[in-house]
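Q: Below is one structure. I have some questions about it.
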Amino acid sequence: MESERTKEEGGRKRSLKVKSSVDGGEGNGPKAPANPMVKDELKIKEMLASKIARLQIGDESMDVEMDGIFSDGKFVEKSVQAWQESLESGEILRMETTVGELLSHLAALHKKVGELHAKYIITREEITTSQESCQKVITTKNKLEQLCRELQKQNKTIIAESRKMAEDEDAKRKQLSQQFQTTIDEVSVKMEQQGKDYVASLHENESLQNKLKAFLAQYEVREEHFSHQLQAKDLTIQLAEAKLKHQIELTKRESEKVELTLEKAQQIAAREVALQEQLSAYSEKFDTVQDTLSKSNTMFVTLRTEMDKMSKHIKRLEKDNAALKKKCDQYDSGAIEALQERVRSTEDARRQQGKINKLEALCRVLQEERKRLKESVTPTEPTEAPLEMTCAGPNALALVLSLMEEDRASEFTENESIKLSFWRSRLVKSKLKLKLQNIRVLDPSGTWCNCWNNNFELFGISHLRSPLNVHLDPLRPEGLRDFATATNQLSSQVIDPPTSIPFNKKNRAFATNTSMFSENDRSFFGCPSQKLFAQFHTRLAKDYNISSLVEKEKVCTISPIFDSTNKTPSSYKLQCESGQVIMAAKVVVAIGTQNIPRLPQWSIPYRNAHRVYHSSDLVAQGLRTVQRRYKATKPRVLIVGGGLTSVHLTKQSLQWGARHVTLLTRKKNLLVQPYDVPLEWLSPTLRDKMRADFFADMNPLTRLHKIKDARRGGSVTRAALNQMYSIANPNNFNHLGDATIQHLEQFDDHIRVKLSTGITLDIDEIILATGSDVNIKQEPLFKELLPHGVKTTEGLPLIDDDLRLIPSMNVFVMGGYAALRHGPTAGNLMGARAGANLLSELLVGDLTTIEQLETHHHMRFLCGKENMYELLQ
Ligand SMILES: Cc1cc2nc3c(=O)[nH]c(=O)nc-3n(C[C@H](O)[C@H](O)[C@H](O)COP(=O)(O)OP(=O)(O)OC[C@H]3O[C@@H](n4cnc5c(N)ncnc54)[C@H](O)[C@@H]3O)c2cc1C
């Protein structure tokens, strides 16, 4: 106890000592001394006291446990009372106990007070530290605030400056852009002017060329004429020489005659002299010989008679001479006429020869025809050709033209074509001559593009939907435009591009021009007329000498022929409708997309009852027949379908004489877009990417969806709508959108149609403008090929990259059937071009010599169109 107390007191003393030393004897907290030395000392003391206090209280928290100290508030009073009571009662022991308790309570109190003091010191030191750090913080804060104010000031200055700079820059930029715009405007005006000048010079060139050609033709004609004249002159000279000789002869003879006559005259004169001598002798003898006078008179008379005879003879000779002269002149003119006659007859003979040639050709054709007919009556050995083409539509024409063109370079630009001509003139000695007999083209019509022409005629389509840069010229992309320019038809036969095409005014050369179409493209995106298009392709067919290549024949089936050893077919047998069988090493099928009309289920029973027609039925009937029927019956027509054909047919039906036309579409409104695919597929900047994206997608189903998305279930052009509305009005036309046919009832003289909208219509005729299906499984032509492993997705064949229907077979497809390879444009002219470029490269090897083929590759390489390293391999 004693020791504990001593310890406690020691601790308290120490604490107090520390306290007094820390307090500086004043006990009112530290006062900041003025002297910094003292200040430091005080601080160290304070820190020491704090350390000691910390050591005293150990690591405990700053809470002080006061339990038991103040638990009994009346403990001291009670103890004092107990001590007094024990004092009064004299209970020393109790007193001692009470005092002991009080003392121990006091000791506990002391201890707690010490503890509290130590904690007080720590707290005070912490407060001081806090205050110091607070002071520091306040100082820092003040400094920061000061800094902030300065920064704000600077910031404001900077903002003001930058605003001023921005305004200045803006003004400058505006000025610059104004200058730039002015420059661009000036440049575009200049370019426009240059373009006009270029077109004018083109026109001028063209007319000069024409003039030159005419001049050359005239020159040739003149030359020919002159050569004829020279010949005639030669002949005239020869004739004149002959005449001269003859004349000399005659003159000689005449002079001989004259000499003779002169001789005779001399003789006569001599005789006269002799007679005169005789006369003188007689006159001398007159006197003497009177008797003989009468005799001499008689002799004189005789002499006179003889003289008269002689003068008559001279006259006759002169007459003869004149007659001979006349005859000679007549002979001269006769000879000239004969010569002219000869020239004329040579001309005639030439003409006749031409006719004979034509007749011979005709004979040959007729013989061929006869042979074919004979063969069809009595089937003989099938004929064989290396390449067979089933069809004669634009796709087939594009391919044949590409095969015929030695450079086959429709992807060549104008500049590249110039390069090509340069190299061709230097490298190619002989023109590539393709053996035409190696290609056979079969089509039921027997002519090129008959189906296309019939469609355009029946639907009354004046202009193509595709742009001017899409055509079948195998060599030059500008071919159709240049043909229009050369034949002076550019302004009359090509309409402006659809207004919805966004042509960017800027030149394509500017890197900032990232538009789909630039002003440079404008001249290629107008739409050509069908007239111009047909003229151009007739000209191409004529130039490449393939006008009469198409044979009138419909192919029914294509069957592969295998020999016993080989798994790949050695040839293909084409069974034709006429009975003819043709064998071919390779077959290209480009039968278009119109063989399988798309018919709604409800229409099938009525189709043959002359009330429901598919648009292809009308094409097959022909324009005149349909026109006549409409004129006679003036029908009320219901046209089903929301594509371009339905719009064309509405216009045509009204023009043919229909009383009323109702257009029924599944969609609420007609979808208007300039081309049958979105603009991206035609944009010079985007189309390659669109195709690349399409090829990159290996899944045929996704490809099919991409095709369907692009074609959007059919669309119409603004131009076709305008044409339709120029004749259609609320009295003769109405459009029912969002509707389908639900029920159909046929009466004797009309049909009653119930629509999904509840409307009932009484009409005379339904035309289905519902398009056609491309389905290889439904096309009889492919029937024999299907079992050999043709793969399909929704009817479209999964062809390989070379357009082969089956990888192991040489049967190729073009057009709509190649859609999974060529994408959404496969069925139109763009697809035809793409297919022709691809196939011609592949097939030309069969139709030309190796040398020609090598030269061809060489040329392409020189024009940067082929890989040099591949060539060197
Ligand atoms: C009204 C209309 C307007 C169009 N306008 C445009 C346009 O402006 N621009 C454009 O790019 N596209 C247009 N098209 C699409 C056009 O059809 C194609 O561009 C083009 O006709 C495709 O050519 P093709 O050779 O594949 O088919 P087609 O032109 O249909 O020719 C196929 C040929 O194959 C023949 N054939 C079929 N079956 C057989 C058989 N078994 N044996 C032998 N021969 C057979 C047919 O008789 C026909 O001559 C239009 C289509 C239509 C219907």
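Q: In this structure, does residue 647 turn out to be of a type in the set (A, V, I, L, M, F, W, C) and more than 13 Å from residue 724 (Cα to Cα)?
A: Numbers: of a type in the set (A, V, I, L, M, F, W, C): yes; more than 13 Å from residue 724 (Cα to Cα): no.
It is false that residue 647 is of a type in the set (A, V, I, L, M, F, W, C) and more than 13 Å from residue 724 (Cα to Cα).
Q: Could we say that residue 171 is open to solvent by less than 80 Å² (accessible area, probe 1.4 Å), at pLDDT 85 or above, over 26 Å from residue 522 (Cβ atoms) and over 38 Å from the mean Cα position of the chain (by Cα) here? Break it down into steps so the answer makes sense when it comes.
A: On the way: open to solvent by less than 80 Å² (accessible area, probe 1.4 Å): yes; at pLDDT 85 or above: yes; over 26 Å from residue 522 (Cβ atoms): yes; over 38 Å from the mean Cα position of the chain (by Cα): yes.
Spelling it out, residue 171 is indeed open to solvent by less than 80 Å² (accessible area, probe 1.4 Å), at pLDDT 85 or above, over 26 Å from residue 522 (Cβ atoms) and over 38 Å from the mean Cα position of the chain (by Cα).
Q: So, one more: What's the total number of residues in the range 125-184 that are closer than 30 Å to residue 46 by Cβ and without any contact (Cβ under 8 Å) to a residue 12 or more places away in the chain?
A: Total meeting the criteria: 18.
Q: Still on this structure, I have one more. Pairs under 9 Å by beta carbon, first residue at positive phi in the range 195-215, partner part of a helix (DSSP H, G or I), six or more apart or different chains?
A: Between residues of the range 195-215 that are at positive phi and residues that are part of a helix (DSSP H, G or I), there is no close pair.
Q: Further question on the same structure: Could you check how many residues of the range 392-435 are closer than 29 Å to residue 594 by Cβ and modelled with pLDDT of 70 or more?
A: Count: 14.
Q: So how many residues does the range 827-843 have that are out of contact with any strand residue (DSSP E or B) (no Cβ under 8 Å at 6 or more places or on another chain), surrounded by 20 or more Cβ atoms within 10 Å (Cβ to Cβ) and either touching a residue at least 40 places away in the same chain (Cβ under 8 Å) or aromatic (Phe, Trp, Tyr) (or both)?
A: 10
Q: Among all residue pairs at least 6 apart or on different chains, which show Cβ distances below 8 Å where the first residue, located in the range 99-112, is among the charged types (D, E, K, R) and the second is part of a helix (DSSP H, G or I) and open to solvent by 40 Å² or more (accessible area, probe 1.4 Å)?
A: As it stands, the answer is 111/8; 111/12, since those pairs meet every condition given.
Q: Looking at (1) within 13 Å of the ligand (Cβ to nearest atom); (2) more than 17 Å from residue 452 (Cβ to Cβ); (3) not aliphatic (A, V, I, L, M), can you tell me which one residue 594 breaks?
A: Of (1) within 13 Å of the ligand (Cβ to nearest atom); (2) more than 17 Å from residue 452 (Cβ to Cβ); (3) not aliphatic (A, V, I, L, M), only one is false for residue 594: (2).
Q: Quick one: which residue in 791, 783 is within 16 Å of the ligand (Cβ to nearest atom) and out of contact with any His (no Cβ under 9 Å at 6 or more places or on another chain)? Give the derivation first.
A: Values: 791 fails: within 16 Å of the ligand (Cβ to nearest atom).
The conditions single out 783.
Q: Also, quick follow-up: With respect to residue 480, is the statement that it is surrounded by 19 or more Cβ atoms within 10 Å (Cβ to Cβ) and assigned to a loop (DSSP other than H, G, I, E, B) true?
A: no
Q: Can you tell me which residue among 776, 727 is within 24 Å of residue 670 (Cβ to Cβ) and either touching a helix residue (DSSP H, G or I) at 6+ places or on another chain (Cβ under 9 Å) or not aromatic (Phe, Trp, Tyr) (or both)? First the steps, then the outcome.
A: Details: 776 fails: within 24 Å of residue 670 (Cβ to Cβ).
Only one candidate qualifies: 727.
Q: Kindly indicate the residue of the range 433-486 that is of a type in the set (S, T, N, Q) and near the ligand (Cβ under 8 Å from one of its atoms) and also farthest from the chain's Cα centre (by Cα) among those meeting that condition.
A: If we take residues in the range 433-486 being of a type in the set (S, T, N, Q) and near the ligand (Cβ under 8 Å from one of its atoms), then 445 is farthest from the chain's Cα centre (by Cα).
Here's the yes/no breakdown for (1) open to solvent by 30 Å² or more (accessible area, probe 1.4 Å); (2) among the aromatic types (Phe, Trp, Tyr); (3) at pLDDT 95 or above:
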position	(1), (2), (3)
742	yes, no, no
766	no, no, yes
779	no, no, yes
802	yes, no, no
810	yes, no, no
817	no, yes, yes
823	no, no, no
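The values are calculated or read from the model by the stated rules, or taken from the named source; none is laboratory data. These figures come from a predicted structure and were not determined experimentally. Neighbour counts are summed over all protein chains in view; Cβ atoms, including those assigned to glycine, are modelled from backbone coordinates with ideal geometry. All accessible areas refer to the heavy atoms of the entire protein, side chains included, with ligands and DNA or RNA removed. Shrake-Rupley method; radii C 1.70, N 1.55, O 1.52, S 1.80 Å.
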